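Engineer: Let me begin by handing over the structure; questions about it come next.
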Amino acid sequence: MDDISSESDCTTEYWIDWFLGAQGNEFFCEIDDEFLSDRFNMTGLNSEVQYYQYAMDLIMDSFEHDCDDQTREQIERSARHLYGLIHARYILTQRGLQKMFDKYKNGDFGVCPRVLCNRHPVLPVGLSDIPHSAPVKMFCMKCEDVYNPPLARFATIDGAYFGTSFPFLLFQAYPHLIPNKNAPERFVPAIFGFKIHEHAKLARWQNTRRLELMQRLQSYEDEENGRNK
Amino acid sequence: MSNVGSEQWSKNEEEMEFPAAEVMSESSTAAGNVGFGENSMMEGVEKYDGKGDEGEDEEDEEEERERDQEDQEQEEEEESYYESGSSRSEVETWISSFCSIRGHEYFAEVTEDFIEDDFNLTGLSSLVPFYKEALDMILDYDPDPDEPSRLPNMPVIENSAEQLYGLIHARFLLTRAGLTIMAEKYDLQHFGTCPRYLCHQTPVLPIGSSDLPGNDTVKLYCPSCADIYSPIGKEQNEVDGAYFGTSFAGLFLKTYTDIPGPFGVPSVKILAASAPQQTNDVATNSSKTSAAASTTAAGGQPKSGGETENTNGDGNDTTTTASTAVTTTTESEADKWDIYDMHLFGFKISERAKSGPRMRWLRERPRDVSELGI
């Protein structure tokens, strides 16, 4: 499968370019050569990935070994896995965040399926930092919830390739991206125009929770102001 | 009311003969030959390590090809029907063909008696242009051959017929027959599942935000998180919400009260087969209740004392076999609702942070349902 095309690809283009262009890899960004060549960034990965050195060579386009097809396929797979794991580390760096920020602005990750979020863009997030535990999920900052990616091809991407911390670090680094949540809408089902009793009650209960939160936030702010004075 | 509901529910489980499903399986077998080649093509594309643009083009082409094939299949089907009508046991009506169009998976087949009763159509004639012709088309009445055809072109009437059918459909859903059909469809997950990860694939219901056509497209209501979502498919996103109406989802949940809601009823979790240990625990748990082989009934621990029995209303119970260990469990500590917490390097983000949690209330539920005073 991979051997024929990637062998020819290796000579014509960079492995990373091929990887990023492959279907289903739309969420990944390009990792700098600088980051890749720094061995410190790879700490611990050699125990995680089979054929680590070969895979690394393949990513860096310096793979010049002769091996049978089966091994080659194995190395290919290792390289993809390794790239994902490095990617999880890279997107937490300043440059990585910048790249993901650009992709976010482009809407490369899709939009929130929740109707009341009005197609707010989402970010990829992992549910665990350990590989092979859960596929990637989408995080919406507007409703602060995680969703399954809409397309089946994303359901096979490991969540560990993005990590659990990435979206939140992005919002720490770019606080202006945080949407305004002061006037939230709440959906309440109705029958013939009359809101369903229990749901209306729940909505009201949730609203009091929200108001409590607002009050707490206000008190934090007052505290802060008092301290500054 | 709930008694009647569950009775119907169990009845549905027994006889799963559903016309749309029949149509679907039929078309899929008809697609057999072509479909096979298509699949292998798909594999080819996935494995093909081409450049990005090429890959996408391929994909587009693929989709187009798929669509073409489907069109062809449809044509073929129609042709074969006209050629050898006797070979098919059932004559394909306008309604069943409408419901089998791609993107119309949410529609139920409205019974003809319902449409033939003029009372049910009150007021629709003013909403739909070419009302009479459209109605004739829906009911497959042949136009009078003697009458000179002063009708406009067919697409216009076809359009009206679709609109009229949609509006009748919205009314039909609120009847007992309509609710029953939709319950079957819900059971088979024809409407899909909730995209929210922590809803664990709860089946959803179609809902409109307006009862008048042309305002908004159809949305999906999840009973577990009590929120509305956009359908994933492009075709479904073009269906008018008024064809399902604003009241249907609410009425459905009021009728079938055994569907787990966002209240004191314990949240029902579906555990994938990937957790064998947990599954075992669950099995022992649910063995207390009468767990039939096909239906894993999640014995409710009614915290509020409201419900005495909770059968799992998800579509899974019909598909569950002994081998696919899709098991349901009641959450033992029912006061713990699934809310996603934002973590940075393993630490919860504080409320005080600017990027801290502000929307937890949206997914929060009272620990005790009596707090709501229901």
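The values are calculated or read from the model by the stated rules, or taken from the named source; none is laboratory data. Since we're looking at a predicted model, the values are computed, not measured. In this analysis, Cβ positions are derived from the backbone assuming ideal geometry, glycine residues included, and neighbour counts consider all displayed protein chains.
Engineer: Tally the residues that are facing chain B (nearest Cβ under 9 Å), over 17 Å from A:Tyr90 (Cα atoms) and free of Cβ contacts under 8 Å to residues at least 60 places away in the same chain, restricting the search to the stretch A:14-31.
Structural biologist: Looking only at that region, the number is 3.
Engineer: Just checking, how many residues over the stretch B:187-199 are surrounded by fewer than 23 Cβ atoms within 10 Å (Cβ to Cβ) and either within 9 Å of chain A (Cβ to nearest Cβ) or among the polar types (S, T, N, Q) (or both)?
Structural biologist: Summing the residues that are surrounded by fewer than 23 Cβ atoms within 10 Å (Cβ to Cβ) and either within 9 Å of chain A (Cβ to nearest Cβ) or among the polar types (S, T, N, Q) (or both) in the stretch B:187-199 gives 4.
Engineer: Condition test on A:Arg119, is it in contact with a strand residue (DSSP E or B) (Cβ under 6 Å, 6 or more places away or on another chain) and among the basic types (Lys, Arg)?
Structural biologist: Against the criterion (in contact with a strand residue (DSSP E or B) (Cβ under 6 Å, 6 or more places away or on another chain) and among the basic types (Lys, Arg)), A:Arg119 qualifies.
Engineer: Would the stretch A:140-158 turn up any residue that is modelled with pLDDT under 95, in a loop (DSSP other than H, G, I, E, B) and charged (D, E, K, R)?
Structural biologist: yes
Engineer: Still on this model: Do the conditions hold for A:Asn225, that is, is it at negative phi, part of a loop (DSSP other than H, G, I, E, B) and more than 9 Å from every other protein chain (Cβ to nearest Cβ)?
Structural biologist: no
Engineer: Count, please, the residues in the stretch B:238-252 that happen to be within 11 Å of chain A (Cβ to nearest Cβ) and either more than 17 Å from A:Gly193 (Cα to Cα) or assigned to a loop (DSSP other than H, G, I, E, B) (or both).
Structural biologist: Taking the stretch B:238-252 first, the residues within 11 Å of chain A (Cβ to nearest Cβ) are B:241, B:245-252.
Next, only the ones that are either more than 17 Å from A:Gly193 (Cα to Cα) or assigned to a loop (DSSP other than H, G, I, E, B) (or both) stay: B:245-247.
Total satisfying the criteria: 3.
Engineer: What about A:Thr208, is it closer than 22 Å to A:Met100 by Cβ and either surrounded by 14 or more Cβ atoms within 10 Å (Cβ to Cβ) or more than 7 Å from chain B (Cβ to nearest Cβ) (or both)?
Structural biologist: no
Engineer: If we scan the stretch A:98-114, do we find a residue that is outside any loop (DSSP other than H, G, I, E, B) and within 12 Å of another protein chain (Cβ to nearest Cβ)?
Structural biologist: yes
Engineer: Taking the criterion of being within 14 Å of chain A (Cβ to nearest Cβ), touching a helix residue (DSSP H, G or I) at 6+ places or on another chain (Cβ under 6 Å) and at pLDDT below 90, would at least one residue in the stretch B:57-80 satisfy it?
Structural biologist: Taking every residue of the stretch B:57-80 in turn, at least one turns out to be within 14 Å of chain A (Cβ to nearest Cβ), touching a helix residue (DSSP H, G or I) at 6+ places or on another chain (Cβ under 6 Å) and at pLDDT below 90.
Residues checked against (1) crowded, with 18+ Cβ neighbours inside 10 Å; (2) within 19 Å of the chain's Cα centre (by Cα); (3) modelled with pLDDT under 80:
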residue	(1), (2), (3)
B:Ser149	no, no, yes
B:Pro152	no, no, yes
B:Pro155	no, no, no
B:Ser160	yes, no, no
B:Leu164	yes, no, no
B:His169	yes, yes, no
B:Leu173	yes, yes, no
B:Ile181	yes, yes, no
B:Lys185	yes, yes, no
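Engineer: Could you give me the residue pairs with C-beta distances under 7 Å whose first residue belongs to the stretch A:143-157 and is at the interface with chain B (Cβ under 9 Å from one of its Cβ atoms), whose second residue is modelled with pLDDT of 95 or more and assigned to a helix (DSSP H, G or I) wherever it lies, and which are 6+ apart or on separate chains?
Structural biologist: From the stretch A:143-157, no pairs qualify.
Engineer: Now a separate question. Pairs under 6 Å by beta carbon, first residue polar (S, T, N, Q) in the stretch A:72-84, partner outside any helix (DSSP H, G or I), six or more apart or different chains?
Structural biologist: Pairs that qualify, where the first residue is polar (S, T, N, Q) and the partner is outside any helix (DSSP H, G or I), are A:Ser78/A:Val49; A:Ser78/A:Gln50; A:Ser78/A:Tyr51.
Engineer: Moving on. In this structure, does B:Tyr131 turn out to be under 30 Å from A:Cys112 (Cα atoms) and over 16 Å from the mean Cα position of the chain (by Cα)?
Structural biologist: no
Engineer: Can you name the condition, by its number, that B:Asp211 falls short on among (1) buried (at least 23 other Cβ atoms within 10 Å of the Cβ); (2) without any contact (Cβ under 8 Å) to a residue 60 or more places away in the chain; (3) not polar (S, T, N, Q)?
Structural biologist: Of everything listed in (1) buried (at least 23 other Cβ atoms within 10 Å of the Cβ); (2) without any contact (Cβ under 8 Å) to a residue 60 or more places away in the chain; (3) not polar (S, T, N, Q), B:Asp211 misses just condition (1).
Engineer: Restricting to the stretch A:30-53, and then to whatever is in a helix (DSSP H, G or I) and small (Gly, Ala, Ser), can you tell me which residue is farthest from A:His87 (Cα to Cα)?
Structural biologist: Applying the filter and picking the extreme gives A:Ser47.
Engineer: So how many residues does the stretch A:167-196 have that are facing chain B (nearest Cβ under 7 Å) and free of Cβ contacts under 8 Å to residues at least 12 places away in the same chain?
Structural biologist: Adding up the residues that qualify gives 8.
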